[in-house]
Amino acid sequence: MVGGDAAAVEVRDVVVRYGGTTAVGGVSLTLPRGRVLALLGHNGAGKTSLLQVCEGFRRPDDGVARVLGLDPVGDHDALMPRLGIMLQSGGVYPWATAGEILRLFASFAANPLDTDMLLDRLGLRKFERTRFRRLSGGEQQRLSLAVALVGRPELVFLDEPTAGMDTEARHTTWQLIEELRTDGVSVLLTTHLLDEAERLADDVVIMRSGEVAATGTPAELTSAAAIEVLELRADPGLDLSGLGSRWTAAEPASGQYTISGALDTAGLAEILAWFASVGADVTAVNTRRRTLEDVYLSLTATQTPVGATK
Amino acid sequence: MTAARSSLTWWKQSTIRCMEAIEVTGLRKTYGGRDAVAGIDLVVARGEIFSLLGPNGAGKTTTVEILEGHRRRTAGDVRVLGEDPGRAGSAWRARIGIVLQDADDAADLTVHEMVRHIAGFYPEARKADEVIELVGLSEKRNSKIRTLSGGQRRRVDVALGIVGRPELLFLDEPTTGFDPEARRQFWDLIRTLAADGTTIVLTTHYLDEAEALADRLAVVAEGRIVAEGTPATLGGRAAAEARVSWTENGTARTEQVPDPTDLIRRLLADGVDLTTLTITRPTLEDTYLSLIGATR
Amino acid sequence: MIAVSLSRGHVELLQFLRDRTAVVFTFFFPALLLLLFGTIFGSESTDQGVAVSRVFTASMIAYGILNTAFVTMGAGLAMDREDGTLKRLRGTPMPASAYLIGKGLLVLGLSVAEAAVLIGVGVLVFDMPLPDAAHWLTFGWIFLLSVFACSTLGIAVSALVKNARNAGAILNVPVVALQFVSGVFIHPMSQLPDWLEKVASIFPVRWMAQGFRYVFLPDGAQTQEIGGAWNLGTVAMVLGVWCVIGLILCLVTFRWSSRDR
């Protein structure tokens, strides 16, 4: 079979332009088989345009995109049955019931998943006979996910898969996505929820203004070089100048101290020793590492998107 | 206004200001035999940011709609800004602001036209341009609402909710679909409003949002409040054990202790490299999930 | 309250004018029909020597009002329920009556403009002479009663419309049907079987058209009407009753949202 060893998604220097605006200005990324890639970026960063190229709805103005080894636009018909695409908004028959819609899409597939099982997994059983337009946003979202998965795709495109879902539904969906990965399905997802990306993604690509601003695994990006913030509870009102200038210390609330800076073992020891030396009884200690969210915000904070009207 | 009337007004206003923003006792809402809300008591103080959490269908939305005066209750006592929302008139309405979540209206009006239109309903409205600037849409002032992105549309919704200078603002899942910076900007806006004295009732599914904004929160499940507290203390979170992990001699080690201070001192004394140290307490999300899970 | 209603009226007008499709279909459609009918039957005259195109012009004003008052009100309200307009307004101090009055102002303005367009077509294309002051006065009250009745009925009927997208189509069913049986498209009404004539006469359209024909046609033309006379008294009575019915219905059926509370 063509492209048997090919990456799930291979994008090389893709450019997408709308009239005079460049939405995607030379982006490359690779999603290996059986992995989850999270595409992050502010609205208007070019994520949607890039996805459209990968899903075969747009031809890139420059560069090459290959999905499962095939050309998503040229080999669209051959590719479609192997893909699952989760749309952000509706696009389904509003008057049909959830069950009818899922069974309809199941009927398009050669070897669909059991629709009842899918409905159960996504907590949609009790909405089986409810018309689509009467479903809440989160329920519609879950149905879109079911529709994307019912055909047993090899590669799934998920656009903000848990938007509008409540916390439990979000966790159930995450479990489902993790199971997909275990089954060998490749997943390309976009999200604004960085805890979602941190939890699910094997690889993360952060886009900014049509370009790749950073890429790597969540661990690489958050690079655990040092603990960043140390939170302590001790006797209130201590004079923190004694701690020295290596760290920034503050007392945001009475008796609660935050100390930040490059905190390595020696530093931690020094800090605890200092507290002991002033006779302060340290009753609680907490450390906070850099999260993916911190990384993301520092990368995107200074720039306002160029010409973004999205 | 005569001296007598004006001092009466002053007295009334100061009394009103002493009351809680919201007082609910024994709230019930029944739909044909089923209790959507099965006895909720809650108090929201003036000027605080209060977050209501809970799964979809748990009664959260129904409760908020009753507080907004858009739904009749079956039983219970409700006082919002001192009045019963079921019977309150337009003067009360002018003190409340509601930020809608999924409306598509006024698509053909420009941002400024719509904000100014709604401002006209309120006796003490802000200036339209001031509010548009506050939500960061100044450059879209003359654009038709139809042309705005989802996130920008939401900002218009916020503008329309605050233009009347409300004392109490209801926000329903306000940052759904926002990217992380937009969320943070929104949080700043809410904090600014709260600092001005506005009481805010926020429903959200994002626990980090609740943690960032709320002074107090309550979890609603199956029509009842199952937990109430501050983000730090909800569900006994503060007292929960900490999980300490580190790497010693190449092996990953974990211990669960109520207070990690002594453990850390011991590790330091043993000369363990603490750069691999992580101390995690249950996040608000973990706490929330275990609260909800316990009700099943 | 006045300021608020005017503000609503202003906003309704802005939104209407910016919706190109609405403007074309609400406004120009009746005029187009008039041009068609008038041209097709242009050479014909009634027994009294009145050009048939003149008869159509007068009768079409009834259709015009049904379009601008009944359909616009009904479809507009159904749409506002669905797209969140009412939900938003409900959360403001604006009273429900201001909303309805605002829409009423839109409808009144559109109806006046519509009538002007139709009369304009009649005068410029079909050489219809304009009536004298006394007839204009009669036109005034018939026009106002018609607009009020059709608007309130439109509000009432919108409660039946489940899906705003189809509102126009649904509302046009009774509208078009009535044009055929109330002497607008088919005149004189005596061509209809007796029972149909009686049923149709319950509804206001027949009487609206009859009234407008009184205004714009010479007196002799009344022989074409059922009973051989203008029957203005009955016109006033039927329209008045429908105004009351419409008002009661719309006060009873007005809902902020389509879901029950």
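For the reader, a short list of remarks on this structure follows.
- In this Cβ point-charge picture (+1 for Lys and Arg, -1 for Asp and Glu), region A:9-222 has a dipole of about 580 debye about its Cα centre.
- Here the dipole of chain B is about 1040 debye; that uses its Cα centre as origin and unit charges on the Cβ of Lys and Arg (positive) and Asp and Glu (negative).
- Net charge of neighbours whose Cβ lies under 10 Å from the Cβ of B:GLY235, counting Lys and Arg as +1 and Asp and Glu as -1: -1
- Positive-end extreme of charge dipole, the protein assembly as shown - chosen from C:GLY76, C:ALA62, B:GLY32 (charges on Cβ): C:ALA62
- Fully extending the segment from A:ARG131 to A:THR30 would add 32.5 nm, taking 0.36 nm per residue of separation and subtracting the current Cα-Cα distance.
- For the residue pairs B:LYS144/C:LYS103; B:LYS60/C:LYS103; A:LYS47/A:LYS126; B:LYS29/C:LYS87; A:LYS126/B:LYS29; A:LYS47/B:LYS140, alpha carbon separations beyond 25 Å are given by B:LYS60/C:LYS103; A:LYS47/A:LYS126.
- The residues neighbouring A:PRO72, those whose beta-carbon lies less than 13 Å from its own, together hold a net charge of -1 under the Lys/Arg +1, Asp/Glu -1 convention.
- Total accessible area lost when A and B pair, probe 1.4 Å, Å² to nearest 100: 3200
- Shape call, region B:246-285: gyration tensor on alpha carbons, a/c limit 1.5: oblate
- Remark: mean inter-chain Cβ contacts per residue of B:154-167 equal 1, using a 10 Å Cβ-Cβ cutoff to other protein chain atoms.
- Surface share of carbon and sulfur [accessible, 1.4 angstrom probe, percent] for the protein assembly as shown: 55
- Annotation for region A:104-124 versus region B:40-116: alpha-carbon center distance of 39 Å.
- A probe of 1.4 angstrom, applied to the heavy atoms of all protein chains, finds C:VAL4 with accessible area near 30 square angstrom.
- Helix-only [θ]222 nm of chain B, DSSP H runs n ≥ 4, -39500 (n - 2.57) each, per residue, nearest 500: -10000 deg cm²/dmol
- Residues along region C:79-94 losing 10 Å² or more of accessible surface when the other protein chains are present rather than the chain by itself (probe 1.4 Å): C:GLU82, C:ASP83, C:GLY84, C:THR85, C:LYS87, C:ARG88, C:LEU89, C:ARG90, C:GLY91, C:THR92, C:PRO93, C:MET94
- Exercise: per-residue mean of other protein chain Cβ atoms within 10 Å, B:92-99: 3
- Listed peptides A:74-80, B:106-112 appear in the order B:106-112, A:74-80 once ranked by packing, highest mean of other Cβ atoms within 10 Å at the front.
- Local net charge near A:PRO81, Cβ-Cβ under 14 Å (Lys/Arg +1, Asp/Glu -1): -2
- Rounded to the nearest 20 debye, the dipole magnitude of chain C is 1280 debye, with +1 charges on Lys and Arg beta carbons, -1 on Asp and Glu beta carbons, and the Cα centre as origin.
- Accessible area in square angstrom per residue, region A:9-222, 1.4 angstrom probe: 40
- Helical content alone sets the calculated 222 nm signal of chain C at -22500 deg cm²/dmol, taking -39,500 (n - 2.57) per DSSP H segment of four or more residues and averaging over every residue.
- In degrees, nearest ten, helix C:232-253 long axis to first principal axis of chain C (Cα): 20
- Label-point separation in nm, C:THR234 to C:LEU251, each point 7 Å along Cα→Cβ: 3.0
- Pairwise label distance in nanometres, B:ASP215 with C:GLN48, each label 7 Å out on the Cα-Cβ vector: 7.8
- Among B:PRO258, B:PRO174, B:PRO55: highest mean-square fluctuation, GNM of chain B, C-alpha pairs under 10 Å: B:PRO258
- DSSP-defined beta bridges in chain B - what % are antiparallel, rounded to 5: 65
- Classified by the C-alpha gyration tensor, region A:227-289 has a rounded form. Its axis ratio a/c, with a ≥ b ≥ c, is below 1.5.
- Candidates C:PRO174, C:PRO129, C:PRO204: whichever shows maximal mean-square fluctuation once chain C is modelled as a Gaussian network with Cα springs under 10 Å: C:PRO174
- Simple spin-label estimate for A:SER241 and B:LYS144 gives 6.4 nm between the two label positions (7 Å along the Cα-to-Cβ direction from each Cα).
- Solvent-accessible heavy-atom area per residue, rounded to whole Å², over region B:192-296 at 1.4 Å: 44
- Charge-dipole axis of region B:14-235 as Lys and Arg at +1 and Asp and Glu at -1 on Cβ define it, positive-most pick from B:THR62, B:HIS117, B:ALA195: B:HIS117
- For the peptide B:121-128, the mean number of other protein chain Cβ atoms found within 10 angstrom of a residue's Cβ is 2.
- The residues of region A:19-51 listed by number as losing at least 40 Å² of accessible area in the complex, against the isolated chain and with a 1.4 Å probe, are A:ASN43.
- Region A:138-195-region C:190-234 distance, computed between alpha-carbon centres (Å): 66
- Most positive-pole-ward Cα, B:LEU284, B:ALA214, C:THR21, against dipole of the protein assembly as shown from beta carbon charges: C:THR21
- Packing-based order for C:184-196, B:190-202, using average beta carbon neighbours within 10 Å, highest first: B:190-202, C:184-196
- Using a 1.4 Å probe over protein heavy atoms, the accessible area lost on pairing C with B, summed over both chains, comes to approximately 2200 Å².
- Per residue solvent-accessible surface (Å²) - chain C, probe of 1.4 Å: 43
The values are calculated or read from the model by the stated rules, or taken from the named source; none is laboratory data. Quantities reported herein were computed from a predicted structural model and do not represent experimental measurements. Cβ coordinates were reconstructed from backbone atoms using ideal geometry, including for glycine residues, and neighbour counts include every protein chain displayed. SASA here: full protein model, heavy atoms, side chains in, ligands and nucleic acids out. Shrake-Rupley method; radii C 1.70, N 1.55, O 1.52, S 1.80 Å.
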